[in-house]
Every structure is written in C-alpha cells, then in structure tokens.
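The values are calculated or read from the model by the stated rules, or taken from the named source; none is laboratory data. Since the structure is predicted, the reported quantities are computational estimates derived from the model, not experimental observations. As a convention, Cβ positions derive from the backbone with ideal geometry for all residues, glycine included, and neighbour counts pool all protein chains shown.
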Amino acid sequence: MRSTVVKPTRGVEASGGGPADVEQRVARVAEPIAAALGVEVVAVRYAGTRTAGTVRITVDKPGGVTLDDCARLSRAVGHALDVDDPIEHRYTLEVSSPGLDRALETPRDYEKAVGRRVRVKTRPPWEGPRLVIGRLAGGEPDAVRVEGEAGESWTIPRSVIVQARLEVEW
C-alpha cells in the first residue's frame, strides 16, 4: 500500500548532507507523527540527487497497515515537512507498508521475526550456502540463527548477510 505526495521545486538542498542526513532529518519529523497515528516508522530511505529525489517512509503496526493509515501519515508528514523544511529541493514523498515479504534490516526486525520463515542471501567470506531458507531461531548482536526444515542449523554473521526477508507463508 502506498500513498504519494509530490512537493514543489525549491532549489538545491542548503544543508549539503547526503542521503543518510536527509533520512535522519525526515525520521525526526515523521516518527512522532507516526506514533500519534498508531503506526511505527520502520525505515526512511532517500534516493535521488541534490535537486530532486524520493523519500520513502515504511510503516507498520500490529495487524498490518491499511491504505488509510498510509494516506493519513502521508498527509500529516507532508504538512510537517513543508513547515520544518528539512529537504530544500523537489521530492516525492511515499508512505507504504513493508509488505508480507518485508526486509529484515535492524536488530529489532530480527527480534520481531523470531519463529517466522526467512530467506537469507549471503556473501563471502562465509563458507555456508549463499541462500538459506528456514525458521529464524534467534539472533545475537553479530549473527542470526536459522533452522532448516531438514534439521540443519546455521549461525550466519550479520556481516555476510546481503539480504534477509520474511518468506510469505500461506
């Protein structure tokens, strides 16, 4: 589910920060608004140039996010960003749910997914399989544990995880 708002051109970003700086500034504005609306900001991403870009805010809540949740947050955050003006150039604001096959990025994402089926893509120097599919059994600060359906178990260092996502279970 996605709600999109396009903001007008205002010129080049004055602060000179990169994508991470934009993401932090938007998160500071969006998080308290999201909390007041009963949703949690799980990710803020910025992609684009210094003159135009896209801000993507991903939100979640117990029971899932509705299109109405996304639209309400998009309007509220859009107004707040207009007032706070943390991005001084043209941008598109998108608010969406993480989806059923959501990415696992933060330690909290992994904690919430314990017991769920996951798909983990890895890279060298880890010598285990490049694709691990199984139940997330737990995590440590530097690794996650996945148990396969045939009884195998892997402790995968976070440093070798390219991508981890929930698997859709029907």
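Numbers below:
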| read-out | value |
| --- | --- |
| Options Val55, Val83, Val65; residue that is closer than 23 Å to Ala36 by Cβ, outside any loop (DSSP other than H, G, I, E, B) and at pLDDT 90 or above | Val55 |
| The stretch 13-36, subset touching an Asp or Glu at 6+ places or on another chain (Cβ under 7 Å) and either modelled with pLDDT of 75 or more or surrounded by fewer than 16 Cβ atoms within 10 Å (Cβ to Cβ) (or both), residue nearest to Cys70 (Cα to Cα) | Ala34 |
| Residue tally, condition free of Cβ contacts under 8 Å to residues at least 40 places away in the same chain and within 19 Å of Trp170 (Cα to Cα), over the stretch 116-146 | 4 |
| Strands (runs of 3 or more DSSP E) (entirely within the stretch 86-170) containing at least 1 residues that are charged (D, E, K, R) | 90-96, 117-122, 131-140, 143-147, 161-166 |
| When residues of the stretch 147-170 are limited to those that are without any contact (Cβ under 8 Å) to a residue 24 or more places away in the chain and among the hydrophobic types (A, V, I, L, M, F, W, C), the one farthest from Arg117 (Cα to Cα) | Ala150 |
| Candidates Val95, Val83, Val65, filtered to the one that is touching a helix residue (DSSP H, G or I) at 6+ places or on another chain (Cβ under 7 Å) and under 30 Å from Val29 (Cβ atoms) | Val95 |
| Cross-chain or 6+ apart pairs with Cβ under 7 Å, the stretch 20-45 first and more than 22 Å from Pro62 (Cα to Cα), then assigned to a strand (DSSP E or B) and of a type in the set (Phe, Trp, Tyr) | Val22/Tyr46; Glu23/Tyr46 |
